[in-house]
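Peer 1: First the structure, then my questions, so here it is.
We did not get these values from a lab; they are worked out from the coordinates using the rules stated. Bear in mind that the values here come from a model prediction, so they are computed numbers and not experimental data.
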Amino acid sequence: MMLALGGFGMAAHLLLTHAFRYAAPALLAPFGYVQIVFAGLLGLLVFQH
């Protein structure tokens, strides 16, 4: 399970790096903020924190 988590994390970072090649940072910035929201929701739902 940890290998899968690491693989998905690496793939996400690589895809984001590729996205910065083709789009302006101002266009991609909202995805970083959405990530914060989903991390908070996941922490609330999974860990009740």
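Peer 1: Mind checking Rg over Rh on the chain, alpha carbons, Kirkwood formula for Rh?
Peer 2: With Rg and the Kirkwood Rh in hand, the quotient comes to 1.07.
Peer 1: As I understand it, the value is the acute angle between the Cα axis of helix 2-22 and the longest principal axis of the Cα atoms of the chain; what does it come to in degrees, rounded to 10?
Peer 2: Roughly 30 degrees between the two axes.
Peer 1: Can you give me the angle between helix 25-47 and the longest principal axis of the chain, using Cα atoms only, in degrees from 0 to 90, rounded to the nearest 10?
Peer 2: 10
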